[in-house]
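Student: Just passing along the structure, written as structure tokens.
The values are calculated or read from the model by the stated rules, or taken from the named source; none is laboratory data. Note that the coordinates shown come from a computational prediction; the quantities given were computed from them, not determined experimentally. SASA here: full protein model, heavy atoms, side chains in, ligands and nucleic acids out. Shrake-Rupley method; radii C 1.70, N 1.55, O 1.52, S 1.80 Å.
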Amino acid sequence: SLVIFDDALAHLLRLTRTINADSGSAMLVGVGGSGKTSLTRLAASACRHFMFQISLTKSYHLNSLFDDIKLLYEKAGPQGGSVSFLMTDSQVKSENFLEAINSMLATGEIPGLFGKDEKELIPVQCKNIYMKEAGKKGEDPPPSELWKFFLNRVKDNLHMVLAFSPVNQKFRE
């Protein structure tokens, strides 16, 4: 059973509006147990987004995060699906995690995420979508333009939700 009170409903509506907008991401700040993750899951479900949250283990490290983000980029970019990515303060294992998320939010690109061969393959996957949306026929766009199209599509469809507690030391840092 889920009990929705007026304040929770107001937060849910705000969060739903935010993640449903192109390039919409949010940072939720509240003490543990205040409903940040529950409301995020509910908002993502209401918006029909693919909801993703990392499964933190002892062996989870930056490369594991990169592997997960690559899958989300695939869903948000070439597939064009809306994705909500929830990360809590307890899932931030190192400062590098936040640096990667910051780069993703700022430019759409995370340094070192894709190897050279992957960077060449992604524009090919987006070519048909680009041609359809741009209304161009016959002429092949340059790979740099396709890469930019891919990143813009990811920025529009991948919605980051950070849920932090002000009590946690990591929040202050």
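Student: Among Leu42, Leu28, what's the order by accessible area (1.4 angstrom probe), most exposed first?
Tutor: Values: Leu42 60, Leu28 40 Å².
Descending accessible area places them as Leu42, Leu28.
Student: Here's another thing I want to ask about it. Distance between the C-alpha centers of region 101-173 and region 1-65? Whole Å please.
Tutor: Answer, in whole Å: 21.
Student: Over region 1-157, give the accessible area per residue in Å² for a 1.4 Å probe, as an integer.
Tutor: Working: 9190 Å² over 157 residues.
Using a 1.4 Å probe on heavy atoms only, each residue of region 1-157 averages 59 Å².
Student: Would you list, by chain and number, the aspartates and glutamates whose Cα falls below 12 Å from the Cα of Lys170, excluding same-chain residues fewer than 8 positions away?
Tutor: Candidates past the 8-residue exclusion: Asp89, Glu95.
Student: Right, next: Pairs Lys58/Lys93; Lys70/Lys137; Lys116/Lys137: which are spaced more than 21 Å apart, C-alpha to C-alpha? Please report the intermediate quantities before stating the final value.
Tutor: Numbers: Lys58/Lys93 10 Å; Lys70/Lys137 29 Å; Lys116/Lys137 28 Å.
Among Lys58/Lys93; Lys70/Lys137; Lys116/Lys137, the Cα-Cα distance tops 21 Å for Lys70/Lys137; Lys116/Lys137.
Student: Would you list which lysines come within 23 Å of Lys132, measuring only between C-alpha atoms, while excluding same-chain residues fewer than 8 positions from it?
Tutor: Counting by Cα, and skipping residues close in sequence, Lys132 has these lysines nearby: Lys75, Lys119, Lys148, Lys155.
Student: Still on this structure, please answer the following. Nearest 500 deg cm²/dmol is fine: what mean residue ellipticity at 222 nm does the chain get from its DSSP H runs of n ≥ 4 alone, each adding -39,500 (n - 2.57), divided by its residue count?
Tutor: Values: 7 runs with 92 residues, N = 173.
Helix-only estimate at 222 nm: -17000 deg cm²/dmol.
Student: Also, I was wondering about something else. With every protein chain kept in the model, how would you rank Lys116, Lys137, Lys70 by accessible area, 1.4 Å probe, largest at the top?
Tutor: Numbers: Lys116 155, Lys137 185, Lys70 55 Å².
The ranking, largest first, comes out as Lys137, Lys116, Lys70.
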